[in-house]
Amino acid sequence: MKKIVLLGSTGSIGTQTLEVVSEHADELQVIALAADKNVARMEEQIRRYRPGIVCMYDETAAKDLTVRVKDLPVRVVTGMDGLLTLAALPEADIVLTALVGMIGIRPTIAAIESGKDIALANKETLVCAGHIIMPLAEEHHVRILPVDSEHSAIWQCLMGNPAKRLEKILLTASGGPFRGRTREYLKTVRPQDALKHPNWTMGAKVTIDSASLVNKGLEVMEARWLFGVSLDQIEVVIQPESIVHSMVQYTDGSVIAQMSVPTMKLPIQVALFYPDRREAGTPRIDFAGLGRITWERPDRENFPGLDLAMRAAAAGGSMPTVFNAANEVLVKAFLEERIGFTDITDGIEAAMDAHEPEAAPGVEGILAAQRETEERVKSRLSL
């Protein structure tokens, strides 16, 4: 029985992870759950999966939850200390981190230092702290198992092949709901428009990032650390049907692709059962019915988020943190209809222009750059 700590259990990845656990209840057990403040959903999860300990990051939510589950033998903890406690549970075999934002960095470090394998669904951990996380994982002989669909696809394409023969990663993107639209059109869109992703059901933050191509920029930065490649070895291609999740090109010219219908349950299951594979009830591809698979180059003129990410990655140091922190503030403001859609990438660029990067920040330096950027963006836009 593999014992799992699930950080971010009430979000999209978290709930789908629990579906995978339910489908393989004879092999997987959730021993700890963590979320921000969705008390009602957390109570449901506790009553179904019976973890011994849970964390509500929000203190008020933790107090509410404690009252709701007082009839159950579960310990409720809160805040960052609570997340760190869960991440380091000695009985855990693997920690799946699906927390949203930079809050995931410190628990991931705690889990690695405790010798836990990491199933990683938190982009910010590697975007902002890849220079810390990857050497630390190597030092502690811990595996970083990617859960994001594109990175899982790359990882699967590399299985059984020598990494030194990798020539290029072809990182796919759907293009989001505004593919083919102009910058002028994008100035008029509302949050409800941006949240209508054509293929995937995701949380609001990731869906907006997908619409702006910022998400693909974050994935480029993440892939760089996960697979130890240079930026010029990563090419982004648009694949609107979301059937090919990414590809690897080798030095002999061969290209290996990972394909499936768009579902996050598959990469979650691959990570949890690695190196084995298990049966899954996910739909199969009907190739004849599909007809064709479309390929396009990304529209960098109307969607500058990708190039801004490449610039941040090339600068390195604290600059990826600035890119990410500015985006988090701006996406929240867009969802609240306080700024327009194109203001997101304009604001990211302004924050990057104003920042003097630190070459190799530690965790405190990363968090300081985050705070500085959040304050600067909020002040600039009077948020």
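Any read-out appearing in this document is the output of simple, stated calculations on the displayed coordinates, not a laboratory observation. These numbers come from a predicted model, not from an experiment. We place every Cβ from the backbone using ideal geometry, glycine too, and count neighbours over all the protein chains shown.
Any idea how far apart E364 and E167 come out in nm if each label point goes 7 Å out from Cα toward Cβ?
4.8
Classify the range 2-146: rounded, prolate or oblate, from the alpha-carbon gyration tensor (a ≥ b ≥ c, eigenvalue square roots; a/c under 1.5 rounded; otherwise prolate if a/b is larger than b/c)?
Values: a/c = 1.84, a/b = 1.47, b/c = 1.25.
Prolate, since a/c reaches 1.5 and a/b exceeds b/c.
Does the range 316-383 classify as rounded, prolate or oblate by the C-alpha gyration tensor (a ≥ b ≥ c root eigenvalues; a/c under 1.5 gives rounded; else a/b over b/c gives prolate, otherwise oblate)?
Working: a/c = 2.34, a/b = 2.04, b/c = 1.15.
Cα axes put the range 316-383 in the prolate bin.
With a Förster radius of 35 Å, plug the Cβ-Cβ distance of Y250 and H140 into 1/(1 + (r/R0)^6) and report the FRET value to the nearest 0.05.
0.70
List, in the order given, every pair from K196/K265; K168/K205; K123/K265; K70/K123; K70/K332 whose Cα-Cα distance in the structure shown is over 24 Å.
Values: K196/K265 20 Å; K168/K205 29 Å; K123/K265 17 Å; K70/K123 35 Å; K70/K332 34 Å.
Those over the limit are K168/K205; K70/K123; K70/K332.
With label points built 7 Å along Cα→Cβ from the Cα atoms of K332 and L195, find their separation and express it in nm.
Computed distance between label sites K332 and L195 equals 1.7 nm.
How do the peptides 291-301, 179-189 rank, highest first, by the average count of neighbouring beta carbon atoms within 10 Å per residue? Let's see the in-between values first.
Details: 291-301: 12.2, 179-189: 13.8.
Ranked from most to least packed, the peptides come out as 179-189, 291-301.
Determine the gain in length on full extension of the stretch M80-R68; use 0.36 nm per residue of separation and subtract their C-alpha separation, reporting nm with one decimal. Don't skip to the answer; put the middle values down first.
Working: separation 12, 0.36 × 12 = 4.32 nm, distance 2.18 nm.
Gain on stretching M80 to R68: 2.1 nm.
Once you have a ≥ b ≥ c as the square roots of the Cα gyration tensor eigenvalues for the range 266-314, tell me rounded if a/c is under 1.5, and otherwise prolate or oblate according to whether a/b is larger than b/c. Mind showing how you got there, number by number?
Working: a/c = 4.51, a/b = 1.50, b/c = 3.01.
Oblate, since a/c reaches 1.5 and b/c is not below a/b.
So between T282 and A314, what do we pick up on full extension, going 0.36 nm a residue minus the alpha carbon distance?
Details: separation 32, 0.36 × 32 = 11.52 nm, distance 3.81 nm.
Between T282 and A314, full extension yields 7.7 nm more.
Apply the Karplus parameterisation 6.51 cos²θ - 1.76 cosθ + 1.60, with θ equal to phi minus 60°, to every residue of the range 88-100 and state each ³J(HN,Hα) to the nearest whole Hz, in sequence, with x for glycine and proline.
So the J values, rounded to whole Hz, are 9, 4, x, 7, 6, 9, 8, 10, 9, 9, 10, 5, 9.
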